Ligand code: NAI
């Protein structure tokens, strides 16, 4: 028998332990081993019941994602047919779920007649996160187990639920007393089933999955949720599969599910989401640094500045159970900062996401201080004071005096040079940039900025700690704006220019949101603050402002005090949360066009889309060439998690690959010629793009 399975015969029971570390991904060899073992147990007259379990605890995290989109995905025994075969075995099958049963792993458990989980087990059908739907019976068996509505909610959320919730829904029959007891209690359960001659599968709890729901339930569900799906395909396919579960006999429903699954698997969106999945894993790898490099200990953290960012940053650590000292200059600012943090937690309590007890536990981990001496034992200090170089340098000089040797000194600067900051201390090897995004307690992205002198173990330790606080860390080199804001620059510039050439801000934004970006450029600027954008651009003017039309509109709005949402006026007018177009902005653009001699014309949506995205893509490729970004996938992660680029398009680099690099290059060259002097200046294809196309490459990588 294969070493992917441990098979034991014990007093009438066959115990089949899945043993493909780390997560029992259901690749073809493991599928073959499982079905062989089940056939053996089915044929053995001594076996009266079968227990499937994870040999090392964890049940199964689902399909082997690397198989999707390849022949291996449906190599025999394919998961759907294998699970059908399991349901035909005339002996009770018990799934003993340790740790995780996700995706195909849960579908395997659903094909068993009975399920018991350990108390900390989590289950879910996470396929939607990869642009797929459960394709091995999940969309058909789950509704028959827990009803159509609950099944739909679980499948569309892609969420993992805990054992108790799974039991309440009817996914688990029982919860074991502890993880250690799981297998024993699964055995006891199997013996009970044998002693009462239980059927191989109990009767379906919901033979009519839509029972009790209004006839137009699915239509209404679609109408209610569709706007949030934007152009995503997978949720719509899930709905079709659920419809089949409600209307068709199981066998036909399974066939329909399979067809829908294959449609999803072949889609560009799923390919893009799978790219994102692998990019996230890859992002943790640091070329040139061994995975087992000894890390520095981080048990105590300090944050300097209890403002918008400092408070949010501190919350991340408290949420992960790590004590944080929060330092401010004045008592008032400190009190305000701590109060703000408490308010955030209170909102979570109100929403039922946290108990009052947990709130107090987290507040207890936060220690406010005005005295740098309290930072002497911190392992990691993150500076989040005003964005002024002199102030930050002063803070770092003080840190150099008070912090213990080996402490990691991080700056949350968004636009200053990390190397210049590092040069102010006697230990630049301990300095790193940790660029959190706002709101820092919510946003998953963290740009980890590696300075010239940053020591390898400092980088590796911060990557690890970032994961510990639930962030997605992406490494960036030092340059103005790092990966994300540096790419934002040409994108914002191009949007401004388009408005001068005749587009309305709402047209530009509409084109971008039609592509499923969370927000258009101008709405984003209004939200982030036109003042913030102006000040950063102003500080960097020497390197960016080569022409007069450069963001002039934004600059005039800044001069008028129209900072965006916070002042009720920016590129748009705001009444409460409602955004309205402002003809005054259009009139300003018209006047500026005349002044700057920019000819106006009706703008075509396609041109808007091309121009905004081509400059974004071009800058991203340039960043890769410069070594600021390590991989094209890292750039995609930054734009998906920090700037609302749709994950189902895979990020700007993947999007460019899908368009075809030759087409992107041809497009950039086209606008270079069509837009006169402006085109000459701003539509210069980056050399790496030219090299890639010349070499006939289709993937963006350094060559
Ligand atoms: P903020 O103005 O809300 O907070 C700054 C805090 O630092 C204030 O509470 C101030 O009292 C305190 N402070 C100033 N000088 C200090 C000193 N010498 N010692 C101790 N505390 C001092 O500013 P915000 O928005 O939190 O920004 C902080 C840093 O984070 C800046 O470097 C900014 O560029 C960066 N950042 C901001 C983002 C944002 O969206 N707001 C995003 C990413 C980074």
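Taken together, the values in this text are just the output of simple stated rules run on the coordinates, not laboratory data. Please read these numbers as outputs of a predicted model, since none were measured by experiment. Quick reminder, even Gly has a Cβ in these numbers, built from the backbone with ideal geometry, and neighbours come from all protein chains shown.
When you count the other C-beta atoms within 10 angstrom of each residue and take the mean per peptide, 580-586, 433-439, 210-216, 605-611 line up highest first as 433-439, 605-611, 580-586, 210-216.
Here the Debye sum runs over all C-alpha atoms of the chain as equal scatterers in vacuum, and log10 of I(q)/I(0) at q = 0.05, 0.10, 0.11 Å⁻¹ comes out as -0.29, -1.10, -1.25.
Listed peptides 589-599, 275-285 appear in the order 275-285, 589-599 once ranked by packing, highest mean of other Cβ atoms within 10 Å at the front.
The base-10 log of I(q)/I(0) for segment 554-597, evaluated at q = 0.15, 0.18 Å⁻¹, reads -0.38, -0.52 [Debye formula, identical scatterers on Cα atoms, solvent excluded].
Considering every Cα-Cα pair within segment 484-694, what fraction, in whole percent, is farther apart than 29 Å?
21
Which order do the peptides 43-49, 418-424 take when ranked by the mean count of other beta-carbon atoms within 10 Å per residue, highest first?
Ranked by mean Cβ neighbours within 10 Å, highest first: 418-424, 43-49.
Could you tell me whether segment 1-108 comes out rounded, prolate or oblate from its Cα gyration tensor? Rule is a ≥ b ≥ c as square roots of the eigenvalues, rounded for a/c under 1.5, then prolate if a/b exceeds b/c, otherwise oblate. In terms of gyration-tensor shape, prolate.
Only helices enter the 222 nm calculation for the chain: every DSSP H run of n ≥ 4 contributes -39,500 (n - 2.57), and dividing by all residues gives -15500 deg cm²/dmol, rounded to 500.
Using the beta-carbon distance between residue 374 and residue 343 and R0 = 22 Å, what value does 1/(1 + (r/R0)^6) give for FRET efficiency, to the nearest 0.05? Efficiency computed from Cβ-Cβ geometry: 0.35.
Just round it to a whole percent: the fraction of Cα-Cα distances in segment 288-336 exceeding 15 Å. Roughly 53 percent, rounded to a whole number.
The modelled label-to-label distance for the pair residue 252/residue 336, using points 7 Å beyond Cα in the direction of Cβ, is 6.7 nm. Using only Cα atoms, tell me the angle between helix 234-247 and the longest principal axis of the chain; keep it within 0 to 90° and round to the nearest 10. Approximately 30 degrees, to the nearest ten.
Building the convex hull from the alpha-carbon atoms of segment 301-476 and averaging its projection over directions returns 8.9 nm². Between residue 666 and residue 19, the modelled label-to-label distance comes to 5.7 nm, taking each label 7 Å out from Cα in the direction of the beta carbon. Rg/Rh for segment 5-265 stands at 0.96; both radii use Cα atoms, and Rh follows the Kirkwood definition. For segment 603-696, the convex hull drawn through the C-alpha positions has a volume of 103 cubic angstrom per residue.
In µm²/s, what is D for segment 240-378 at 4 °C and 1.567 mPa s, where D = kT/(6 pi eta Rh) by Stokes-Einstein and Rh is the Kirkwood radius from Cα pairs?
In µm²/s, the coefficient is 66.
The length gained by stretching the chain between residue 308 and residue 419 to full extension, at 0.36 nm per residue less their Cα-Cα distance, is 37.5 nm. Here the gap between residue 390 and residue 56, fully extended at 0.36 nm per residue and compared with their Cα-Cα distance, gives a gain of 114.8 nm.
Once the Cα atoms are used to define both axes, helix 482-501 deviates from the longest principal axis of the chain by about 60 degrees. In the chain, the longest principal axis of the Cα atoms and the axis of helix 505-514 are about 20 degrees apart.
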